[in-house]
Every structure is written in C-alpha cells, then in structure tokens.
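Visitor: The structure is given below, and queries will be raised subsequently.
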Amino acid sequence: MIKRVFIFLSVSSLFFSCKNELSEEDLPDNKHLKELIVDMEGEFAVLTEEIKLLESYYQTILENRDSLLLTADKDKYQIVGSFSNNIPEENSLLSKLILSTKSPDPEKSLEEIYFTNGLDSAFRTVCKRHSIIAQVYTNSAMQVSRVYPPYDAQNLMNSDIDLHNYNFYYKADEENNPSKGVVWIPEVYVDPAGKGWILSLIMPVYDGDKLFAVLGIDVTVDEILRRFLENENGNFLIINGKGDIVSGNSSSIEALSLPPLKNHIYRETIKTDNFRISDYNLFRSKSLQVREMAQAFLMKREEKFVFRNENNLTAAIAASFSFTDWYLIEINPSLDEQ
C-alpha cells in the first residue's frame, strides 16, 4: 500500500511539474521589442540624413576651397604644437583641432584648416538639433582632426596620433566601404577623446576619386541606455552580432552570470579604466544556458528561449535591428504581455 502511494505521488508530481513548466508557446511575441527598435532606428535614421547633409556641405567647401582660402580668417585658431589652444569652457563656438605630426605635409594641413573652418557652425547646428549626439567631427587624409564640441585634447591625445589607424576612419575608406556611403560601426569602442563607450556613424568625403576626410557622429552608450531603455518596464539589453553587450538594464546583465557590475550599475562599469567589453559577452557567461541562449538568438535566428532550472532566469525573447548587426533582448518577459 505504501509503495502504491509513493508511485502515485511521484507520477502526480511529475504530471504537475510538466504542466507548470514553461514552453516557448507560453511566451509573449516580440512585438514590443520591435516597437522599441523602430523608435531607436527612427532616431538613428535622422542622424543618417544629417551626416549626408554634412557631406554635401563639405563637398561645397571643397569645390570653393580657393576662394575660401582667400577670405579665410587665419587667426581663428592658434595651433600650438599639434593642438589648437582654445579652451573648451571659454568659447563654445569653436571646435577642437589636432594637426598630427603624422601629417605628410603640415603646410597643406594648415591650409585645410583655414578653408574648412566653416564646418564649425555646421557641426554646432547639428549638435544643437539632436541632444542624443555626443560629438560631430571630421578626420582627414592629411591627419587633421576637427571635433565639436571642443574637449581637452592636449591632455587626452598624443601629438603623433595616427588618425587612419582608428575604425572611425578606416571603416569608411574605399577598401572597407567601396559603396562610399554611410557606415554604422556595430562595435562600440572607447572614444579616444574621452567620451567613454560610443557608437559611431561615419561617412567618407571624396575629392574626386581620392578620400579627403571622414565625417563622424558619435552617440554614447550611456545616452542609448538613458534614452531608450532606462524607463522601460522590463529587463532589456542590446547585444551585437558577436554577443557583446552594447547597453542594457543592470538587472538584466547581472542575471546572466557575467562579471559583477560596479555598484550594480552598468553605466558606471563601462566608465572604469579596466572595463573590457569582451568580458561582457554572452558567449563568455559562466552559465551554459546563457551561452545556449546566445547561440539560439545569434546563430539560429530564433526569437524565444526558455531556461531550465536556471537561477533567476525563466525565459527570454529577442528581435533584430535592421540598420546594424544588433539584437534587443528582454530577459524574463512578463507572461501578461501575451
């Protein structure tokens, strides 16, 4: 009799356990994620149009360089060593200039500074129009950098910086961008100008068939988090196609068996000197199921994943971006969203 009761209880427990176990059919669809992506991509699409307008204006400058040189205010900037000596806090109308010692012809680089000074007002206008922008800039084939708003370049940059070695330049060159169009760099990186972890939109400027310069617009990871995810009711994160976390709620990141966050805040963690984005990669999680989730979303292109007996994790849903190789993931979505 005791044996029969034991068997009955065991079978009953198994029945109810199976009945209560989540399946992918129980999860909400990714409609809300797609709506968030539409909002983000709408903002980024506007920036894409802005950089195209800047490129068009730059072309006008190149076409009129001779007349602009004749009337240029050559005292607008004073170059001391490799840097313009304007102090950011004293004049918000100016950009910050670097004339790298890597310049193949410093005299021509100075001429370039003179006839491209009109970019300052264009950069300033774009920044004022879009609060999401951290900075607007151009880096040229002649190793001239112009960045707005101005920053403390003397203490952050080396005078012999080779601008061509950075992805915000070479990702737009003819080898990497033969279409010569707009490029979103999907990998976030540390901005050498001190803005922290950033996402860059870049576009080449050609003078005939030669690359003259690369325009750029930067958005900080911190601003993406603040603007699009911080006030959302849920646990969200954005990852790139490699599995690196681009941005996300601290609660969602801490649940994924990744390195601990500074003060449990992702935005503070990414500002630390020893932060490496590769440490916050889903494929490097200590949890096998988190790694399986990454494989399901990134490699199999699935949209739902159910965790089995994983602490603090029940399920996840995902949706992909169209403008770049990114994914928006919601961890432990509410089942009431169905």
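Visitor: Within the range 19-38, which residues are charged (D, E, K, R) and over 19 Å from the mean Cα position of the chain (by Cα)?
Guide: LYS19, GLU21, GLU24, GLU25, ASP26, ASP29, LYS31, GLU35
Visitor: Can you tell me which residue in the range 94-127 is nearest to GLU63 (Cα to Cα), limited to those that are free of Cβ contacts under 8 Å to residues at least 40 places away in the same chain and among the charged types (D, E, K, R)?
Guide: GLU112
Visitor: I need a count of the residues in the range 289-304 that are more than 16 Å from LYS242 (Cα to Cα) and either within 23 Å of the chain's Cα centre (by Cα) or in contact (Cβ under 8 Å) with a residue 60 or more places away in the chain (or both).
Guide: Qualifying residue count, the range 289-304: 2.
Visitor: Another question about this same structure. Taking the condition in contact (Cβ under 8 Å) with a residue 12 or more places away in the chain and not in a strand (DSSP E or B), does PHE212 pass?
Guide: Against the criterion (in contact (Cβ under 8 Å) with a residue 12 or more places away in the chain and not in a strand (DSSP E or B)), PHE212 does not qualify.
Visitor: Separate question: Looking at the range 162-178, which of its residues are part of a loop (DSSP other than H, G, I, E, B) and either in contact with a Gly (Cβ under 9 Å, 6 or more places away or on another chain) or surrounded by 15 or more Cβ atoms within 10 Å (Cβ to Cβ) (or both)?
Guide: Correct list: TYR166, LYS171, ALA172, ASP173, ASN177.
Visitor: With MET203, MET142 as the choices, which residue is buried (at least 21 other Cβ atoms within 10 Å of the Cβ) and in a loop (DSSP other than H, G, I, E, B)?
Guide: Checking each option against the conditions leaves just MET142.
Visitor: Additional query: Scan the range 89-112 for residues that are under 12 Å from TYR77 (Cα atoms), part of a loop (DSSP other than H, G, I, E, B) and touching a helix residue (DSSP H, G or I) at 6+ places or on another chain (Cβ under 8 Å) and jot them down.
Guide: LEU93, LEU94, SER95 - these are the residues of the range 89-112 that are under 12 Å from TYR77 (Cα atoms), part of a loop (DSSP other than H, G, I, E, B) and touching a helix residue (DSSP H, G or I) at 6+ places or on another chain (Cβ under 8 Å).
Visitor: Specify which of the listed residues (LEU94, LEU36, LEU68, LEU53) is modelled with pLDDT of 95 or more, under 30 Å from LEU229 (Cα atoms) and not aromatic (Phe, Trp, Tyr).
Guide: LEU53
Visitor: It is to be established whether one or more residues within the range 113-126 are modelled with pLDDT under 95, within 21 Å of LEU47 (Cα to Cα) and not in a helix (DSSP H, G or I).
Guide: no
Visitor: Could you list all residues from the range 236-245 that are surrounded by fewer than 23 Cβ atoms within 10 Å (Cβ to Cβ) and not charged (D, E, K, R)?
Guide: Answer for the range 236-245, where residues must be surrounded by fewer than 23 Cβ atoms within 10 Å (Cβ to Cβ) and not charged (D, E, K, R): ASN240, GLY241, GLY243.
Visitor: Name the residue that is surrounded by the fewest Cβ atoms within 10 Å (Cβ to Cβ), counting only residues in the range 251-309 that are acidic (Asp, Glu) and modelled with pLDDT under 95.
Guide: ASP273
Visitor: Right, next: Which residues, counting only those in the range 52-88, are among the hydrophobic types (A, V, I, L, M, F, W, C), assigned to a loop (DSSP other than H, G, I, E, B) and surrounded by 13 or more Cβ atoms within 10 Å (Cβ to Cβ)?
Guide: Of everything in the range 52-88, just one residue is among the hydrophobic types (A, V, I, L, M, F, W, C), assigned to a loop (DSSP other than H, G, I, E, B) and surrounded by 13 or more Cβ atoms within 10 Å (Cβ to Cβ), namely ALA72.
The values are calculated or read from the model by the stated rules, or taken from the named source; none is laboratory data. In this text, all values refer to a predicted model and were calculated from it rather than measured experimentally. Glycine gets a Cβ as well: all are built from the backbone with ideal geometry, and neighbour counts include every protein chain shown.
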